[in-house]
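What follows is a single structure, written as C-alpha cells, with notes after it.
A short reminder: the numbers here are calculations on the coordinates, not readings from a lab. Since this is a predicted model, take the numbers as computed values, not measurements. Quick reminder, even Gly has a Cβ in these numbers, built from the backbone with ideal geometry, and neighbours come from all protein chains shown.
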Amino acid sequence: MKRIFLIGYMGAGKTTVGRIMSDRLGLSFIDMDHYIEGRFHKTVEKLFSEKGENAFRDIERRMLHEVAMFEDVLVSTGGGVPCFYDNMAFMNEVGTTVYLKVSVNELTNRLEACKNVRPVLQGRHGEVLKTFITDSLKKRESFYSKAKVIFNAEIMMTELDILKISDALIETLESKEAKEKYWINSSAEKYGNEE
C-alpha cells in the first residue's frame, strides 16, 4: 500500500508531476483542490472567501484525513496544507511526503504566466509578485522542509523536462523505499538474533 503526498508552493508542479507519476506507478491521483471542490460543489476560492481562512483550513485538514484513508494513492496537496494543524506530521506518519522545491525566481516566472487563474496573485506582477512569493515561502519553508524527500523541481520548461523529473523522482522514491525495507529487515534480523 502506497500513499505519496506531493507538497510545495503553488506553481511547483505538484499536479503536473503527480499525474504522470501516478500513471507510471499505477496509483490513483488526487488533486486536493479538485477533491475539495467536488465534495463542496464550490471553487476553492469561493469556499475561502465565503468561510474565511480558518474554516477553509479546517476543511482542508478534514479532506486530507479523508484522502489519506485511500490506498495506493498519490495526492497533490494545496500549497498551504502542510502549514496548518498537524498536517505535515500526519502526512509523514501515513505516507511519504515529497517537497517539490523550486527557487523564488523560477516560481515567479511560472506564476507570472498563470496569475490570471490564481486569484491570490491577481494584481501582482514583477517585483511585487516576487516579494509576495519570497515572503510566503519564508513562512512555509520550515513546514515544507519536514518532508521525507526534498526534490529539486527547478527545470520544468518542456514536456521532456517534466517526464525526466517524474522518472527521477520515481527512482528516488523506489531507492528510498528499498533502503527503508533493508533497514527494517536488518533491524528485525538484529533483534531476532538477540532473542
Once both label points are put 7 Å beyond Cα along the C-beta direction, the LEU25-ALA168 separation in nm becomes 1.7
The set of residues whose placed amide H lies less than 5 Å from the amide H of ILE7, leaving out same-chain residues fewer than 5 positions away, is VAL98, TYR99, LEU100
For the chain, the dipole about the Cα centre with charges only on Cβ (Lys and Arg +1, Asp and Glu -1), to the nearest 20 debye, works out at 540
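For the stretch 1-139, what proportion of DSSP beta bridges, expressed in % and rounded to the nearest 5, is antiparallel?
Numbers: 0 of 12 bridges.
Once the DSSP bridges in the stretch 1-139 are tallied, antiparallel ones form about 0 percent.
Given 20 °C and 1.002 mPa s, how large is the Stokes-Einstein diffusion coefficient of the stretch 39-117 in µm²/s, with Rh as the Kirkwood radius over Cα pairs? Walk me through the numbers before you get to the answer.
Working: Rh = 14.4 Å.
Once the numbers are plugged in, D ends up at 149 µm²/s.
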Of the listed links LYS14/LYS139; LYS14/LYS179; LYS42/LYS164; LYS2/LYS164, those spanning more than 27 angstrom between alpha carbons are LYS42/LYS164
Connecting every pair of Cα atoms under 10 Å apart in the chain and solving the GNM, the largest mean-square fluctuation among ARG61, ARG19, ARG118 falls on ARG118
Checked against the structure, the computed mean projected area of the Cα convex hull in nm² among [x] 12.2; [y] 10.4; [z] 11.1 is the one labelled [x]
Partner aspartates and glutamates whose C-alpha sits under 19 Å from that of LYS51, ignoring same-chain residues fewer than 8 away, are ASP33, GLU37, GLU60
With the charge dipole of the stretch 1-113 built from beta-carbon charges (+1 for Lys and Arg, -1 for Asp and Glu) about the Cα centre, the Cα from PRO82, ALA55, GLY18 projecting farthest to the positive end belongs to GLY18
Taking Cα atoms, the helix 159-194 axis meets the longest principal axis of the chain at an angle in degrees (rounded to 10) of 30
Share of Cα-Cα pairs in the stretch 1-52 beyond 13 Å, whole percent, is 65
